[in-house]
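Novice: Have a look at this one.
The values are calculated or read from the model by the stated rules, or taken from the named source; none is laboratory data. All of these numbers come straight from a predicted model, not from anything done at the bench. No Cβ is skipped: glycine too gets one built from the backbone with ideal geometry, and neighbour counts run over all protein chains shown.
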Amino acid sequence: MASRKSLQANRANGDKYSVLLPTYNERENLPLIVWLLVKYFGESGHDYEIIVIDDGSPDGTLEVAEQLQKIYGDDKMLLRPRAKKLGLGTAYIHGMKHATGNFIIIMDADLSHHPKFIPQFIKKQKEGDYDLVSGTRYQGSGGVYGWDLRRKLISRGANFLAQVLLRPGASDLTGSFRLYKKKVLESLVERCVSKGYVFQMEMIVRARQLNYTVGEVPISFVDRVYGESKLGGNEIVSYAKGLLTLFATT
Amino acid sequence: MTKLLQWLLGVSLLGAVWALVAFDLLELSLPRTYREVAWPIPLYLLVSFGCYSLATVGYRVATFNDCNEAASELHEQIKEAKEDLRKKGLKM
Ligand SMILES: Nc1nc2c(ncn2[C@@H]2O[C@H](COP(=O)(O)OP(=O)(O)OP(=O)(O)O)[C@@H](O)[C@H]2O)c(=O)[nH]1
Ligand SMILES: [Mg+2]
């Protein structure tokens, strides 16, 4: 538990963290993730804001977000919805434009990324003044929950292949739980052309190319409890394509 | 330089050295044993890289942490959050 002194120090140091939450059909998860974010930021005392980028979810995610905004206040909860599903990559760009923090945290809203790790991300970032801190499922105490052997094998195999081909200097390429300096994220996003899944991988590969420093924090990844999952053959094909494209172009 | 070019460069350098020795291209009249040893080396390398890959991936799959406590902690917190949010007036 943070002492009162460090709480005040965190509040007064001028750093602000903007959390980008892209949502598509996350009506059940959104209140929970927001509640957890408020809890952990409250405990650590860091200044923060939550930016929800909803892409016209048919399940009424936006309506729930509006209720949450009333509960937690519109200085903490910013809603930047878009009319239709335009994809994850552009959702980050859209959210970033409205971010007022000097740091940006990107995470999934489906509860597979737990806000309890954010204070560790922040601590890690300060330790080495890192440009980017990436959560990793593949190192130290990191791991997953709810994965069968097949999925673990695919994940490890895909990651090994990427490590051999790209030598990216980070252990989790496709994870999307990361903290960036805002300027760094802006310059990376400008350069990244991939869509969807591969986007995360391209971000970290380009970061190495531009000599940005990367810190890593082990995270536990718990598969979504609510809502649809969509891991299929399609994703494997697009991963392979993305990997080869990066191999040939970076 | 792209990763692809780095790989091509590396492979062709190694390939050239190997060909020089295995086929004695420069006619340095190397002892026969050199050639005999050099000849199957690419195959050895390939096989050992394959074994290394399988062993590494296998080991990493076997040691992939199952975060059971993380999951049960999350489930507890979900309950707590729902309760609290209901009190704060959220209609799910
Ligand atoms: N704004 C926006 N958010 C999206 C879009 N697609 C996915 N998301 C959100 O991005 C986050 C990650 O998407 P997921 O569907 O969890 O993708 P995943 O983690 O690869 O796969 P599963 O968790 O297995 O379904 C979630 O918070 C989604 O709600 C989109 O097109 N627009
Ligand atoms: Mg997910």
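Novice: Among the residues of the range A:138-151, write down those that are within 8 Å of another protein chain (Cβ to nearest Cβ) and either surrounded by fewer than 16 Cβ atoms within 10 Å (Cβ to Cβ) or at pLDDT 95 or above (or both).
Specialist: Residues satisfying the conditions are A:Tyr138, A:Ser141, A:Gly142, A:Gly143, A:Val144, A:Tyr145, A:Leu149.
Novice: Which residues, counting only those in the range A:210-220, are within 16 Å of ligand 2 (Cβ to nearest atom) and part of a loop (DSSP other than H, G, I, E, B)?
Specialist: Correct list: A:Ile219 only.
Novice: For A:Tyr226, are the conditions met, namely being in a loop (DSSP other than H, G, I, E, B) and either among the acidic types (Asp, Glu) or over 30 Å from B:Asp66 (Cβ atoms) (or both)?
Specialist: No, not satisfied.
Novice: Let me confirm something: among A:Ser187, A:Ser194, A:Ser171, which residue is outside any helix (DSSP H, G or I) and away from ligand 1 (no atom under 16 Å from the Cβ)?
Specialist: Working: A:Ser187 fails: outside any helix (DSSP H, G or I); A:Ser194 fails: away from ligand 1 (no atom under 16 Å from the Cβ).
Result of the check over A:Ser187, A:Ser194, A:Ser171: A:Ser171.
Novice: May I ask you to list the residues in the range A:195-239 that are charged (D, E, K, R) and either at pLDDT 90 or above or under 14 Å from the mean Cα position of the chain (by Cα) (or both)? Can you show your working first?
Specialist: Taking the range A:195-239 as the starting set, the residues that turn out to be charged (D, E, K, R) are A:195, A:202, A:206, A:208, A:216, A:223-224, A:228, A:230, A:235.
Within the range A:195-239, A:Glu202, A:Arg206, A:Arg208, A:Glu216, A:Asp223 meet the criteria.
Novice: Return a yes/no flag: does the range A:202-209 have any residue that is within 14 Å of chain B (Cβ to nearest Cβ), crowded, with 19+ Cβ neighbours inside 10 Å and within 16 Å of ligand 2 (Cβ to nearest atom).
Specialist: Taking every residue of the range A:202-209 in turn, none turns out to be within 14 Å of chain B (Cβ to nearest Cβ), crowded, with 19+ Cβ neighbours inside 10 Å and within 16 Å of ligand 2 (Cβ to nearest atom).
Novice: Looking at (1) in contact with a Phe, Trp or Tyr (Cβ under 6 Å, 6 or more places away or on another chain); (2) over 30 Å from A:Pro115 (Cβ atoms), which is the one condition that is false for B:Cys67?
Specialist: All conditions are met except number (2).
Novice: So A:Lys126 clears everything in (1) more than 8 Å from chain B (Cβ to nearest Cβ); (2) farther than 25 Å from B:Gln77 by Cα; (3) touching a residue at least 24 places away in the same chain (Cβ under 8 Å); (4) away from ligand 1 (no atom under 16 Å from the Cβ) except one condition, right? Which one?
Specialist: (3)
Novice: Something else now. Can you name the condition, by its number, that A:Asp223 falls short on among (1) of a type in the set (Asp, Glu); (2) within 13 Å of chain B (Cβ to nearest Cβ); (3) away from ligand 2 (no atom under 16 Å from the Cβ)?
Specialist: (3)
Novice: Same structure, new question: Does B:Leu54 satisfy the condition of being within 14 Å of chain A (Cβ to nearest Cβ), assigned to a helix (DSSP H, G or I) and among the hydrophobic types (A, V, I, L, M, F, W, C)?
Specialist: yes
Novice: Quick one: which of A:Val144, A:Val198 is within 16 Å of ligand 2 (Cβ to nearest atom) and in contact with a Cys (Cβ under 8 Å, 6 or more places away or on another chain)?
Specialist: A:Val144
Novice: Looking only at residues in the range A:226-248 that are within 14 Å of ligand 2 (Cβ to nearest atom) and of a type in the set (Ser, Thr, Tyr), which one is surrounded by the most Cβ atoms within 10 Å (Cβ to Cβ)?
Specialist: A:Tyr226
Novice: Now for a different question. Filter the range A:98-123 down to the residues that are under 10 Å from the mean Cα position of the chain (by Cα), within 14 Å of chain B (Cβ to nearest Cβ) and away from ligand 1 (no atom under 13 Å from the Cβ) and list them by number.
Specialist: Once the filter is applied, which keeps residues that are under 10 Å from the mean Cα position of the chain (by Cα), within 14 Å of chain B (Cβ to nearest Cβ) and away from ligand 1 (no atom under 13 Å from the Cβ), the range A:98-123 yields nothing.
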